[in-house]
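**Q** Following this message is one structure expressed as structure tokens.
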Amino acid sequence: MGDFWSIYFCYGSHFTPCLDREKLLWKNGRMKNSTSLWPDYESKAFYDEMFDENGKPRPHYRKLFDHLLKLNGTNMTDLQHAADLSLLNQGVTFTVYSDARGTEKIFPFDLMPRMITADEWTMLEAGIQQRLKAMNMFLYDIYHEQKILIDQIIPTDLVVNSPYFCREMMHVDVPGDVYVHISGIDLIRDGEGVFRVLEDNLRSPSGVSYVVENRWVMARVMPELLQQYRIRAVDHYPQMLFDALASLSPAENPTIAVLTPGTYNSAYFEHAFLANQMGAELVEGSDLLVDNDVLYMKTTEGLVRVDVLYRRVDDDYLDPLTFRADSALGITGIMHAYRAGNLVLANAPGTGVADDKATYAYTPDIIRYYLNEEPMIPIVPTYLCRRPDELTYVLENLENLVVKPTDASGGYGMLVGTQSTPEKIAEFRKLLAANPEHYIAQPVQKLSTHPTLVEEDNSKILQPRHVDLRPYAVCGAEGKTEVLPGGLTRVALAKGQLVVNSSQGGGSKDTWVLYPGEGESNA
């Protein structure tokens, strides 16, 4: 046996690592070791990304496990401090509007990388590409012939009454028939280890800048660990995005700009980061104007035509002539330029109807309808409260369900029944009865866990915390979809917490997609 395997022996039905020097003991899925980073690591209640059901490190995590055996809490505290300092110096921040202590914060970063094998990634990549192809076809259809509604695959009122359905997009031909140029589809791994789509983010998904920054921080702080693995790169995302957007413009050398609401937006760091890395212009609405159905950017050298606008401004605020008349964030007449075919808008207005949480329940049917294929990645079972029988079930089982508004994001407005109070459940019972169409419900998912650094007695230890995964994809001319290897692994930093959103106190991890052969078992 190799050096790694020589430290193990079998004990009953459990796998027990035994290192005299480290005094490790696994028993019933729990690691006990007062001298290491792993005191009382309980890995058996959920699918753990790093350890199997017997407490044995999964093959692709073995080198990481070996590396961690050389470290202690003091080492990890110093490394985490170095990582936090690096993020601070780079200005990697996000905004929490509801926090009275101040809005601008360093995005919490955990040093323990999450790993995905080559085989797993091949499946996920294909499933994401399949999903986006179907969603672009769905959006084209509902804004043109509406065959899927005529065939009663999806209820017509669910689509046309969605707050994201944009009537101003009816019969508008968008460049390349691409509505969703940039997506971030949230995935979880359930208690059986199966990846599932949790929700679609097809309007203005955020977080990809942290994917790139997290890798840069890991390279600065733990370079020796990265050198032990062959990992797919992520720092080419800005070029990938630029190429996809440029491919949709007829201009030979298109001018691309990123439209931001301004410095007080929660994702302003990302807007500035992507513009800088793409070599694009970062603009606000006041920097732009429309003349003769062409969008221009004001510069010190005069007006410069903009061919592609990557907008991080919501539909309602995009054009005061078409949408909200009181908007100061958008550009007057930009929808005229768009309809005239003189501009690429990414993402297209009206894409939100495809990531409405009520539409989500029908996405398997959407894939079958347009592609005549079975979904490669299953969704989470979903109850539509607009259906009387499903509403009755939800009301009778609120203690065991997650209830979400169909038009909210960021973890806001949710009820997690298993972690709620009787008062909160009673409040949601009234909300559901008053406006059932506004909510969906899902069984509480046993999100997978991953070793995560937490504070204990002024030192760092490793404990399981729940994670999800947001891979990012870009779609260019002819529907070519590229998926960035890995994506943003979000982690709920509080013990037992299932909501991983940064707005709810979550953090992130670097996500490593391994090359074929890396980490495969030799046993």
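**Q** Criterion first (on the phi > 0 side of the Ramachandran plot and surrounded by 15 or more Cβ atoms within 10 Å (Cβ to Cβ)) does Gly417 satisfy it?
**A** For Gly417, the condition - on the phi > 0 side of the Ramachandran plot and surrounded by 15 or more Cβ atoms within 10 Å (Cβ to Cβ) - is not met.
**Q** Only one of Gly486, Gly506 is at positive phi and either buried (at least 20 other Cβ atoms within 10 Å of the Cβ) or assigned by TED's automatic domain parsing to the domain that holds Arg215 (or both); which?
**A** Being at positive phi and either buried (at least 20 other Cβ atoms within 10 Å of the Cβ) or assigned by TED's automatic domain parsing to the domain that holds Arg215 (or both) holds for just one of Gly486, Gly506, which is Gly486.
**Q** Return the residues of the range 170-199 that are closer than 25 Å to Pro108 by Cβ and in a loop (DSSP other than H, G, I, E, B); say none if nothing qualifies.
**A** Ile185, Asp190 - these are the residues of the range 170-199 that are closer than 25 Å to Pro108 by Cβ and in a loop (DSSP other than H, G, I, E, B).
**Q** Give the number of residues within the range 125-152 that are farther than 12 Å from Ala354 by Cβ and more than 26 Å from the chain's Cα centre (by Cα).
**A** Residues meeting the conditions: 8.
**Q** In the range 22-38, what residues are at pLDDT below 80 and either within 22 Å of Asp510 (Cα to Cα) or in a loop (DSSP other than H, G, I, E, B) (or both)?
**A** Glu22, Lys23, Leu24, Asn28, Gly29, Asn33, Ser34, Thr35, Ser36 - these are the residues of the range 22-38 that are at pLDDT below 80 and either within 22 Å of Asp510 (Cα to Cα) or in a loop (DSSP other than H, G, I, E, B) (or both).
**Q** Would you point out which residue out of Leu469, Leu447, Leu462 is in contact with an Asp or Glu (Cβ under 7 Å, 6 or more places away or on another chain) and either at pLDDT 95 or above or crowded, with 19+ Cβ neighbours inside 10 Å (or both)?
**A** When all the criteria are applied, what remains is Leu447.
**Q** Here is a further query. Where in the range 439-523 are the strands (runs of 3 or more DSSP E), entirely inside, with at least 3 residues that are of a type in the set (A, V, I, L, M)?
**A** 459-470
**Q** Taking the range 110-141 as the region of interest, how many residues are touching a helix residue (DSSP H, G or I) at 6+ places or on another chain (Cβ under 6 Å) and either within 12 Å of Ile366 (Cα to Cα) or of a type in the set (D, E, K, R) (or both)?
**A** 6
**Q** Turning to a different aspect of this structure: Can you confirm whether the range 299-316 contains a residue that is of a type outside the set (Gly, Ala, Ser), buried (at least 18 other Cβ atoms within 10 Å of the Cβ), assigned by TED's automatic domain parsing to the domain that holds Ala267 and farther than 26 Å from Arg470 by Cα?
**A** Yes, the range 299-316 contains a residue that is of a type outside the set (Gly, Ala, Ser), buried (at least 18 other Cβ atoms within 10 Å of the Cβ), assigned by TED's automatic domain parsing to the domain that holds Ala267 and farther than 26 Å from Arg470 by Cα.
**Q** Any idea which of (1) closer than 17 Å to Asn501 by Cβ; (2) in contact with a helix residue (DSSP H, G or I) (Cβ under 9 Å, 6 or more places away or on another chain) is the one Asp186 doesn't satisfy?
**A** (2)
**Q** Being surrounded by fewer than 23 Cβ atoms within 10 Å (Cβ to Cβ), among the hydroxyl-bearing types (Ser, Thr, Tyr) and modelled with pLDDT of 95 or more is the filter here; which residues of the range 167-208 pass it?
**A** none
**Q** Inside the range 278-365, counting only helices (runs of 4 or more DSSP H) that do not spill past its ends, which hold 2 or more residues that are among the small types (Gly, Ala, Ser) and within 30 Å of Asp151 (Cβ to Cβ)?
**A** Per the criteria, 352-355.
**Q** From the list Ala233, Ala244, Ala219, Ala251, exactly one residue is surrounded by fewer than 16 Cβ atoms within 10 Å (Cβ to Cβ), aliphatic (A, V, I, L, M) and assigned to a helix (DSSP H, G or I). Which is it?
**A** Of the residues listed, the single one that is surrounded by fewer than 16 Cβ atoms within 10 Å (Cβ to Cβ), aliphatic (A, V, I, L, M) and assigned to a helix (DSSP H, G or I) is Ala219.
**Q** Where in the range 56-151 are the strands (runs of 3 or more DSSP E), entirely inside, with at least 2 residues that are modelled with pLDDT under 90?
**A** Once the strands (runs of 3 or more DSSP E) in the range 56-151 are filtered for at least 2 residues that are modelled with pLDDT under 90, what remains is 93-95, 104-106.
Residues checked against (1) among the polar types (S, T, N, Q); (2) on the phi > 0 side of the Ramachandran plot; (3) surrounded by fewer than 18 Cβ atoms within 10 Å (Cβ to Cβ); (4) free of Cβ contacts under 8 Å to residues at least 24 places away in the same chain:
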{"residue": "Pro320", "(1), (2), (3), (4)": "no, no, no, yes"}
{"residue": "Ala325", "(1), (2), (3), (4)": "no, no, yes, yes"}
{"residue": "Met335", "(1), (2), (3), (4)": "no, no, no, no"}
{"residue": "Ala340", "(1), (2), (3), (4)": "no, no, yes, no"}
{"residue": "Asn347", "(1), (2), (3), (4)": "yes, no, no, no"}
{"residue": "Ala358", "(1), (2), (3), (4)": "no, no, no, no"}
{"residue": "Ala361", "(1), (2), (3), (4)": "no, no, no, no"}
{"residue": "Ile366", "(1), (2), (3), (4)": "no, no, no, no"}
{"residue": "Glu373", "(1), (2), (3), (4)": "no, no, yes, no"}
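The values are calculated or read from the model by the stated rules, or taken from the named source; none is laboratory data. All figures in this text were calculated on a predicted structure; none of them were measured in a lab. Cβ atoms come from the backbone with ideal geometry, glycine included; neighbour counts cover every protein chain shown.
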